[in-house]
Amino acid sequence: MSRVPFPEAARPALANPQLRRNLGHATRTIRAKRAGVVAELPDWEELREAGRALKERTLRHLDVYLEQLEAAVEAAGGHVHWARDADEANRIVAGLARDHGADEVVKVKSLASDEIELNEALAVAGVRAVETDLAELIIQLSDDRQSHILVPAIHRNRAEIRELFLRTLEVDELSDDPAELAEAARLHLRRAFLRARVGFSGANFGVAETGTVCVVESEGNGRMCTTLPPVLITLMGIEKVVPLWSDLEVFLQLLPRSSTGERMNPYTSLWTGVAEGDGPSEFHLVLLDNGRTDVLADEVGRQTLACIRCSACLNVCPVYARTGGHAYQSIYPGPIGAILTPQLAGLDEAGSLPYASSLCGACYEVCPVKIDIPQVLVHLRGKEVAARAASPARARLDPERAAMRSMAWVFADRTRYERAQKAARLGRRLDRLPGPLRGWTAARDLPTAPPQSFRDWWRAR
Amino acid sequence: MSGAGSRKASSRSEGMRVALFITCLADTLFPETGRATVRLLERLGHEVDFPEEQTCCGQMHFNSGYAREALPLVRRFVSAFGDAEVIVCPSGSCAAMVREGYERLAASEGDEALVAEVAEVAPRVLELSEFLVGRLGVEDVGAYYPHRVTYHPTCHSLRALRVGDAPLRLLRAVRGIDLVALPEAEECCGFGGTFAVKNADTSIAILSDKLQNVLSTRAEACTALDSSCLMHIGGGLSRQRAGVRAVHLAEILASTEASAA
């Protein structure tokens, strides 16, 4: 995906009153729900710390745990594939589907599959991917893009969904009653579940000790995908491994409370390889790197890999609540997207994202695994600035760099600083600032420097 | 919290020597905030010292990705304030920059000697309300401010310094004040330093919701701990000719019956 800078991408959403209203309402509601269920747990801070520490230890020995996972999955009758990047992962999945003569795959919501654009790759291979998560189905039927990690169609209201279903599903009559809409989707999906030869899922956790894969969801459609078709393919980012079965105790408390604001999610599916006469007879686990080991190599950035995709940071973010997810132009929007996307896709591709934050710190405060998102944002800004400086031609023509350097020069010396203060006082009041600073005066008056600085007063008193 | 007697400004006879870290923004654009801080601290019986070598803490540079440019400013701060027993700052974000950012910055630039110096000086930096309530145990500073006021907790004072309700305790003790709660108070105002110009549209969208909340309180003044956020909120209020002022907490706490007259 070729990306435009965030400020530009944000503009349509900022100017859309319906979207602003939908997002404001949805994020406020889920935020309050989360706060309620988090407050119920007296040991929430200890849980967060346990989650953080578990992830840190796992990432430190990622190679060991991944090989353990591979061995355990294979011992339980599953197959493990290693995919270096999106192309490799797509080839593996498409190849498996073709080997089984499938022209259709039923999918449970998987961010990793969207990251590698699996559906598009399958289409090229002549395999149709059917999204079975209700919101994902809405996105797929309307040829739209997700705008939230957990609630991909957060930007759509039910009137729009009714119109979409009437147009795309085999229904003649439909109201915008949520239950009726869900029933129409259910009937449509049930046919796909019964037809499908191959099911596909992502993974929330993969337990190294036992080879167990875990998917949490709300609708039960995921469980249909993971149990009905004879062949199951699971795509899992390598950072999703956890060492021990008992580690799930921590994460299965942290995740639902942080994401949907529920004490427990309705469906938690756990499977270990294959079991005769129960569920799929063939199981493939595809372990995806796609840039993750590069993230791991960055001492500050690596904490990003601890993310359990709860989306609590989106719901508290003042930027996300106004711009929505599309402005981030990535399957990973919001604060976590602002640090994950540039690390996976590169700063050349997504260099404006680390700046899409006021550094208010609300994301860090709610993160169930204590990812210091503001710290990583500042770190990535530093890398972006360094990358700009590394090209002499770009550095010379960079007005921001010139301004920052000259201000640093002024601040580095008291005499220069005091002279600059005098100069600021001589300048007349500006109603409109020029150049890159004009954004300030678009809706804010500019203060004028009073005749006497504080230090002048101090000296004169 | 100790007994009621110790919370009275007049009862604190033991004065401290306080180094004022004014911030470049207040020094240049909002000197009244600095004057108010001095008046307040002196009224409470403390001796204020102003190390004139101070300039800017480097927060804007650091947060914008210019750590290398900020590094000399860290060294400068450490040398300007090295001897001070306690350093008081009328800004949550500048205090947080020194307390949290400096060590990280010095470490990232590989200056171990500076890391050690920072570790010495950083814990002595306190934001004004932290100093008053947390260090001195004072809530009633003897202020008088007969106006309707709402308080916006700035993000860095709230989430980095964790000043908690210290500013509200101080405000509640002000005589004549009509303190009204700000709806959705803990939401960012949208300033964010260079964010306000780099992502001006989003910054203004966030501000516009903050202003709506401020206006809904029918307050005459919106107060906070940071001149930067107040410049942003006040700039928006001024552009709207809203008739609401942005006022730093120090100015409210420095006001007395005598100064109001």
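The values are calculated or read from the model by the stated rules, or taken from the named source; none is laboratory data. The structure displayed is predicted, hence computed values, not measured ones. Note that each Cβ is placed from the backbone with ideal geometry, even for glycine, and that neighbours are counted across all protein chains shown.
Hey, could you check the range A:425-438 for residues that are without any contact (Cβ under 8 Å) to a residue 12 or more places away in the chain and outside any loop (DSSP other than H, G, I, E, B) and say which is farthest from the other protein chains (Cβ to nearest Cβ)? Checking each candidate, the answer is A:LEU426. Here B:ALA106 meets the list (1) assigned to a helix (DSSP H, G or I); (2) within 26 Å of B:ARG17 (Cβ to Cβ); (3) in the same structural domain as B:SER79 (by TED's automatic domain parsing) almost entirely, failing just condition (2).
The set of residues in the range A:51-60 being over 20 Å from the mean Cα position of the chain (by Cα) and in contact (Cβ under 8 Å) with a residue 24 or more places away in the chain consists of A:LEU54, A:ARG57, A:THR58.
Note on the range A:276-362: enclosed helices (runs of 4 or more DSSP H) holding 2 or more residues that are within 14 Å of chain B (Cβ to nearest Cβ), within 21 Å of B:GLU187 (Cα to Cα) and of a type outside the set (A, V, I, L, M) are A:312-316, A:318-323, A:334-345. Selection over the range B:227-239 of residues that are more than 7 Å from chain A (Cβ to nearest Cβ) and either under 26 Å from B:ARG39 (Cα atoms) or modelled with pLDDT under 95 (or both) gives a count of 6. Taking the condition in contact with a Lys or Arg (Cβ under 6 Å, 6 or more places away or on another chain) and either surrounded by 19 or more Cβ atoms within 10 Å (Cβ to Cβ) or in contact (Cβ under 8 Å) with a residue 60 or more places away in the chain (or both), does B:VAL98 pass? No, not satisfied.
Test A:GLN375 against the stated conditions and say whether it is buried (at least 19 other Cβ atoms within 10 Å of the Cβ) and at pLDDT 95 or above. Considered against the rule, which asks whether it is buried (at least 19 other Cβ atoms within 10 Å of the Cβ) and at pLDDT 95 or above, A:GLN375 comes out as yes. The C-beta contact set for the range B:114-136 (first residue outside the structural domain of B:ARG169 (by TED's automatic domain parsing), second residue part of a helix (DSSP H, G or I) and of a type in the set (Asp, Glu), distance under 8 angstrom, 6+ apart or interchain) comprises B:VAL115/B:GLU103; B:VAL118/B:GLU103; B:ALA119/B:GLU103; B:ALA122/B:GLU103. For the range A:7-53, a tally of residues being within 14 Å of chain B (Cβ to nearest Cβ) and among the small types (Gly, Ala, Ser) returns 7.
Yes or no: the range A:439-448 includes at least one residue that is more than 7 Å from chain B (Cβ to nearest Cβ), over 17 Å from B:ALA67 (Cα atoms) and among the basic types (Lys, Arg). No: the range A:439-448 contains no residue that is more than 7 Å from chain B (Cβ to nearest Cβ), over 17 Å from B:ALA67 (Cα atoms) and among the basic types (Lys, Arg). Scanning the range A:385-421 for residues that are crowded, with 21+ Cβ neighbours inside 10 Å and either charged (D, E, K, R) or touching a Leu at 6+ places or on another chain (Cβ under 7 Å) (or both) gives a single hit, A:PHE411. Of the candidates B:LEU126, B:LEU132, the single residue that is crowded, with 23+ Cβ neighbours inside 10 Å and more than 11 Å from chain A (Cβ to nearest Cβ) is B:LEU132. Within the range A:82-90, the presence of at least one residue that is in a strand (DSSP E or B), more than 23 Å from A:GLN303 (Cβ to Cβ) and either under 20 Å from the mean Cα position of the chain (by Cα) or among the hydrophobic types (A, V, I, L, M, F, W, C) (or both) is confirmed.
Identification of helices (runs of 4 or more DSSP H) wholly contained in the range B:10-92 with 1 or more residues that are buried (at least 22 other Cβ atoms within 10 Å of the Cβ) and among the aromatic types (Phe, Trp, Tyr) yields B:59-63, B:67-81. Of all residues in the range A:303-342, exactly one satisfies the criterion of being more than 21 Å from A:ALA86 (Cβ to Cβ) and either basic (Lys, Arg) or assigned by TED's automatic domain parsing to the domain that holds A:VAL250 (or both), namely A:ARG322. Within the range A:403-421, if we keep just the residues that are within 9 Å of chain B (Cβ to nearest Cβ) and among the hydrophobic types (A, V, I, L, M, F, W, C), the residue that is farthest from A:ASP456 (Cα to Cα) turns out to be A:MET404.
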